[in-house]
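Here, each number is a calculation from the coordinates, and none is a lab measurement. The shown structure was predicted, so the numbers you read here are calculated from the model rather than taken from an experiment. Positions of Cβ are backbone-derived with ideal geometry, glycine not excepted, and every protein chain shown enters the neighbour counts.
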Amino acid sequence: MADSPEPLAADEPEVLIVGAGPVGVALACELLQQGVRIRLIDRRPGIDESDPHSKGILVWPRSLEVLGRIGVADRLAAIGHRSKGVNYYSEGRLRGTAHLHRLADSPYPFVLTLPQRETERVLRGRLAELGGTIEFGTALVGLDTAGELPEARLVRGATAETVVPRYLVGADGPGSITRELLGIRFDGEAIDVTYAIADAPISGDVPENAQYYYSRDGVVALVPLANGYYRIAANIPHRGPDEDDPSAQLLEEVINRRAHTRFTVGTPLWTRSFRPRLGLAERFGNGRCFLVGDSAHVISPAGGQGMNIGFQDAANLGWKLGGVVRGRLDAAALDTYHSERTVGAVRMAKTSAAQARFAMQRKSARIAVRDAVFVAARWTGLLERVLVPLLAQTDVDYAESASDPLFRRIAHPARPGQRVPLFAAPAGGPADGAAEPGDGGFGGVPPIDPYHYTVVLWPGRRTPADWSATAAGLLGRFTGQARVLDLGAVPAAAAPALRRAFGNRPVIATVRPDGHLAHLAPASAPERAQAFLRSTAPAQTAVPSLV
């Protein structure tokens, strides 16, 4: 169905975003790059730069890939700490390592660590470059969805106003007012675990990788930050409301007991204890209103994936919403947001829960089984083939169902929904909202279109002798419909990853702006790809180029 409501008043936003945390700002950048008029509001009075507390610190490869769309990935990588992998210990003995630096199909083969406040600072800087602002001290207090367009009631101090955007997005966190006003149920409860977290210097022979130490007593994670500091996270006994935050002495005792080490914990920048409340929204949208980030899902902090899921929400919704508002896509494209991102959220919730269960075994028999699984996975290569893509979130597959098992079969044919190792270049130059340097390509492969579908011509395992003529003919077939990317002469280093993505036979692959496969057809049947584009993006226009 086409998105054709009455024209908005000139001062009305096309999209109203509620909540200016990292996910809300990332979505705002996605939309501003596409020329969408937005308002970004936040009920907080402003940013407290003096607050040392920081929640999420891990930014995984897939998140960096989608953040590259808005021109901040390399900026974050320049100021954060890059860990090559994650070490797993049991009773002080190394059982296995997830080597992210061996990830061959991503431009970011590492897990990046930096305080969330720094991530947010970089995102706000990009927002300002794009001409965006945050309206602090502005709260959503009412929402009427009975009409064709949502009517949002906003309050700022003593001033109230009604805003009628074309779309509204709630990015206002676990206690989302947007979700409450939409009447969307949030299923979840507090888990029976209390965590202590801190950022503190540690002296001793601490490995450079992120590390998890499992023991009968519990688990402790040590994640390196910049300047000799580490994020410390450990389960501890429940604490009363009047108890002080965990001390450096307590943290040091927990680390050395569980890691079988002699580390010394210095004065923390901050410490805190909390009991997570997990949950999943019944649905991620209602009509023209959507939920992203923690307003839609809150998962276990084990594994540090929560903020990363939100970044993928923003990328998934952002290209679709921008395409619909700008008239490139049919409004039906937005119907896939809930189903696709529910798959992503549920999969990572299962991953984080499995990590927590894996870590907190107490019985000798179960500990022995866990340790044997690690050793076997290390020797058979399963850590590299299964765990690394799972942590990196490069195995996200929208063809899956939320009910599918966590550890699915390792290899399957290329199919729509899979993430492929092709990446979009962010838009703009320094004067008009510049992104970071670089063309968005990876491994010598040119970038895909950031806002339109890209038609990718893949010659298969062995390039046919007449491939150049075939590719030139196909370019003519797609004139006016899409940009065409010919992968007939890619660098040898990139070929294995592309072969895993597209298979061994010549195909025409239609790739979405977020790097997921949308449609696959034999190279001999271009009419199938053309029919897909006509039905999915009838208004898409792009200058075709054979690259």
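Under 8 Å for C-alpha pairs, at least 6 residues apart: give me the relative contact order for the range 430-536, rounded to a whole percent. Mind showing how you got there, number by number?
Values: 145 pairs, mean separation 33.6, N = 107.
Relative contact order here is 31 percent.
Rounded to two decimals, the Cα-based Rg/Rh of the range 194-275, with Kirkwood Rh, is 0.93.
Report the far tail of the P(r) of the chain, meaning the percent of Cα-Cα pairs longer than 45 Å. The calculated P(r) of the chain puts 16 percent of pairs beyond 45 Å. Among DSSP bridges having both ends in the chain, what percentage is antiparallel? Round to the nearest 5. In the chain, approximately 75 percent of DSSP beta bridges are antiparallel ones. A Cβ-based charge dipole, computed about the Cα centre of the range 194-275 with Lys and Arg at +1 and Asp and Glu at -1, lands at about 240 debye. Given +1 at the Cβ of Lys and Arg, -1 at the Cβ of Asp and Glu and no other charges, the dipole of the chain around its Cα centre is 2080 debye to the nearest 20. Mean separation of Cα pairs under 8 Å and 6 or more residues apart, divided by the residue count, gives the chain a relative contact order of 16 percent.
In the chain the longest region clear of GluC sites (Glu not before Pro) that are loop-assigned by DSSP and have at most 10 other C-beta atoms within 10 Å covers 244-547. In 5 Å bins starting at 0, how do the alpha-carbon pair distances of the range 430-536 split up by percent? Result returned by the calculation: 2, 12, 23, 24, 19, 10, 6, 3, 1. As a length-normalised measure over Cα pairs under 8 Å and 6 or more apart, the relative contact order of the range 194-275 settles at 45 percent. For K84, the lysines whose Cα comes closer than 30 Å to its Cα, not counting residues fewer than 8 places off in the same chain, are K55, K350. Largest first, the extents of the alpha carbon coordinates of the range 322-403 on the three principal axes equal 60, 25, 17 Å.
Extending 7 Å from Cα along the Cβ direction at A158 and again at A492 yields two label points whose distance is 7.5 nm.
Taking a straight line from the alpha carbon of K320, these aspartates and glutamates sit under 13 Å away, with near neighbours fewer than eight places off in the same chain left out: D3, E30, D330, D335, E340, D514.
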